[in-house]
1. Please turn the phi angles of the stretch 105-115 into ³J(HN,Hα) values with the Karplus equation 6.51 cos²θ - 1.76 cosθ + 1.60 (θ = phi - 60°), one per residue in order, whole Hz, x for glycine and proline.
2. With a ≥ b ≥ c the root eigenvalues of the C-alpha gyration tensor of the stretch 1-91, is it rounded (a/c under 1.5), prolate (a/b larger than b/c) or oblate?
3. Along Cα→Cβ, 7 Å out, is where each label goes; now give me the distance between the ones at HIS208 and GLU236 in nm to one decimal.
4. Which whole-Hz couplings ³J(HN,Hα) result when phi for each residue of the stretch 211-216 is put into the Karplus expression 6.51 cos²θ - 1.76 cosθ + 1.60, θ = phi - 60°, listed in order with x for Gly and Pro?
5. Got a sec to turn the phi values of the stretch 335-348 into Karplus ³J(HN,Hα) couplings, 6.51 cos²θ - 1.76 cosθ + 1.60 with θ = phi - 60°, whole Hz, x for Gly and Pro?
6. With each pseudo-label sitting 7 Å past Cα toward Cβ, what's the GLU348-ALA42 distance in nm, one decimal?
7. So which of LYS233/LYS339; LYS55/LYS82; LYS82/LYS149; LYS25/LYS339; LYS82/LYS136 end up more than 29 Å apart by C-alpha?
8. Assuming a ≥ b ≥ c are the square roots of the Cα gyration tensor eigenvalues, decide whether the stretch 265-348 counts as rounded (a/c under 1.5), prolate (otherwise, with a/b larger than b/c) or oblate.
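What follows is calculated from the coordinates using simple rules that are stated; it is not laboratory data. Computed from a predicted structure; not experimentally measured. Cβ coordinates were reconstructed from backbone atoms using ideal geometry, including for glycine residues, and neighbour counts include every protein chain displayed.
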Amino acid sequence: MDPYNTPEAVLQLGVINPEVEQILKENPAPDLSSDPPHILRAGADIGDRLACERKPASHGTHESVMTITLRDGYESELRIVKPPNPQPNSPLVVLIYGGGFFTGLNIQLLPWAKATAALYNATVVLPSYRLAPEYKFPTSHHDIWDTVKWLAANASSLGADPSQGFVIGGSSAGANLAAVTAHRALRENFSPPLTGVLANIPPLLDEHIVPDKYKHLFLSREQNGNGPVCNSKDLEVWMSWWLPDFRSVDYSPVNSDVPLAGLPPHVVMVDGMDTLRDDGLIYEKMLRDNGVATRLVAWPGMPHGHWGMFPQHSLSDVAQIDTISTIGWLLGNEVAREKVESIWNEEE
């Protein structure tokens, strides 16, 4: 049963969490829309590093860095996380960082990668992609597509076997990149096929491309437009740096003539007080309506990327444990939540 099939139910997700409300009263969110991209990028880079410092445990995993050459000769960095006891046939998981397409480091999701490698005996790759405003749309999407093609062709050199599981995922901008790449793989009959997609707080819609069937549920742009982060002002400025074509298949699978049917299972995760909330809610409905297996996770009353914005919040670790748990579902290797919590809370 779909718990968010009426406007009233969807709007209820946007009622602010009391703990968030108190945090914002004590520490109001800054106006990020007025800062130039290099200032925001510097701050975001610090945030990515702090997130790794908060969760330094390796869980016995092995980390390395390499570069690959993309279509135009650009050298792109990959960070590889291997499981504690690497095997030549581990599943392959690709996790893509977020940051509005203009910020982010490939260490951002390193805590997720280490936990994923340890829990599911997976080889996890953290790719890079070029950022706005220096590189406009769709450079980021071409970079990730080229990276996934390289990984498919060279998986064995990393000790991975995509036939054991080939999952692509990401958060925010990274979730867009994951969803778009997965649909391109479907359109191009990509082999080896992707077997799962994690779309964590994804931007995938615009008011002009929401299918008529779901327009009555596209409410978050207005309801949460004045939120503390990734609000309407932020999005307008950030998109002006990236310059996406919202009607392109490189922006969203919604724009393709190729149906969503045939896509691998998806996990879609949304923050209730997020301006982008209904991008995820509606996309999950579209997937389900096309026969795609899905899991939907919603965190009511929380703003975009709340675990990064409010790491002290009681629901921040919950969201990250939720995310790592669902990767197990995508790999067909779910473990008890208590085990995920134990790994996540492990000290160095």
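1. 10, 6, 8, 3, 9, 4, x, 5, 5, 5, 5
2. Details: a/c = 1.93, a/b = 1.51, b/c = 1.28.
Taking the square roots of the gyration eigenvalues as a ≥ b ≥ c, the stretch 1-91 is prolate.
3. 1.6 nm
4. Going residue by residue, I get x, 3, 4, 10, 4, 5 Hz, with x marking Gly and Pro.
5. Here the 3J(HN,Hα) series is 10, 4, 4, 4, 5, 4, 4, 5, 5, 5, 8, 5, 8, 5 Hz.
6. Distance between label points: 2.6 nm.
7. The pairs that break the limit, which is 29 Å between Cα atoms, are LYS233/LYS339; LYS25/LYS339; LYS82/LYS136.
8. Working: a/c = 3.35, a/b = 1.20, b/c = 2.78.
Taking the square roots of the gyration eigenvalues as a ≥ b ≥ c, the stretch 265-348 is oblate.
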